[in-house]
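Bear in mind these aren't lab numbers, they're just calculated from the coordinates by the rules spelled out. Since the model is a prediction, treat every value here as computed from it, not as a measurement. Cβ placement follows ideal geometry from the backbone for every residue including glycine, while neighbour counts extend to all protein chains displayed.
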Amino acid sequence: MAVRFEGVAPRRPGMWGTGTGLWIAALLLLALVGFWPSYVSRIGMADALTHLHAGLMLAWFGMLFAQPWLVRSRRLALHRQLGKVSYVLVPALVLTCVALSQVRMAAVQPQGFGFQCLVLYLGLAASVIFALFWGLAIRHRHDAALHARYMVGTALVLIDPALARLLATLAPQLGPGVLWVSYGLLFAILGLLVWRDRGRHGQRAFVFQLGVFVLNFVLIHVVPGSAPWQAFARAWGGLPTP
């Protein structure tokens with residue numbers, strides 16, 4: 001039963017709760033533009049695994065659109081039922097990303113090995129972070145504040161892959177510097193969300209996400225060039241030992 005308070009205006013939906021439509025649309029647009037050169041513009045030439053991964057990602061965006069709307073329209077039973085689809089969708093997304101990383105590593109030419117080691121790390125790390133935030137959202141599914149904010153985190157993971165590809169096309173002279181731009185935007189967004197949530201129960205979810213992304217940004221500059229990672233990359237792609 002809903003409780004009404006006379007004289008108290010209802011709260012506007014938060015940008016990470018039931019009012020997510022606009023920024024989810026912006027992220028989807030960023031993804032379409034960012035992946036335009038490598039996938040969207042050449043969609044007829046992509047393999048089945050890439051199509052499957054792209055389709056699963058579009059399905060995830062669809063869930064990010066639909067779930068807040070179902071909450072806002074009080075269709076909570078349908079919200080919970082649709083949420084169970086993620087128990088299949090998320091593992092499938094992660095598995096296709098992992099499989100693609102192996103296929104691309106196996107096809108790398110010797111002169112591109114170092115760069116592909118970086119790409120391999122970025123892809124696997126993003127998959128782990130995506131799964132982590134989704135898992136925390138499911139763990140806190142009975143706590144609306146934390147659940148919604150961790151679901152936001154799964155969308156924020158997509159900023160770097162999309163924006164870095166877009167910048168690599170528009171400003172190739174930046175080289176690895178595109179990561180500073182994409183992660184700089186990510187840190188700015190999370191910093192704003194932490195600030196907006198000050199004093200609120202859900203703030204710790206965004207603080208945790210910010211810490212995870214900062215740690216990953218540091219590791220990006222350490223792991224891919226290390227000997228153990230490069231040995232793993234060769235084994236992962238089935239490449240011969242030099």
Karplus-derived 3J(HN,Hα), 6.51/-1.76/1.60, for each residue of the stretch 185-194, Hz, glycine and proline x: 5, 4, 5, 5, 5, 5, x, 5, 5, 4
Extension gain from Val33 to Leu174, taking 0.36 nm per residue of separation minus the Cα-Cα distance: 48.9 nm
Ellipticity estimate at 222 nm from DSSP helix runs (n ≥ 4, -39,500 (n - 2.57)) divided over the chain, nearest 500: -24000 deg cm²/dmol
Cα-based Rg of the stretch 59-105 normalised by 2.2 N^0.38 Å, two decimals: 1.48
Gained length - Ala66 relative to Leu192, 0.36 nm times residue gap less alpha-carbon distance: 42.9 nm
Separation in nanometres of the label points that stand 7 Å from Cα toward Cβ, at Arg204 and Val222: 2.6
Where labels lie 7 Å past Cα in the beta-carbon direction, separation of Val181 and Leu22 in nm: 2.5
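Grab the other residues whose beta carbon is less than 13 angstrom from that of Ala126, score K and R as +1, D and E as -1, and report the net.
Here the count lands on 0.
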J(HN,Hα) series, the stretch 205-211, from Karplus relation 6.51 cos²θ - 1.76 cosθ + 1.60, nearest Hz, glycine and proline x: 5, 6, 4, 4, 4, 4, x
Tail weight of P(r) past 19 Å, computed on alpha-carbon pairs of the stretch 87-149, percent: 44
Matching label, mean projected area of the Cα convex hull in nm² computed from the structure shown, candidates (1) 14.2; (2) 21.2; (3) 15.0: (3)
³J(HN,Hα), Karplus 6.51/-1.76/1.60, whole Hz, each residue of the stretch 136-142, x for Gly, Pro: 5, 5, 5, 4, 9, 5, 8
Computed E for Leu76/Leu215 - FRET, C-beta separation, R0 35 angstrom, nearest 0.05: 0.50
Residue-count net charge about Phe208 - beta-carbon cut-off 13 Å; Lys, Arg +1, Asp, Glu -1: +2
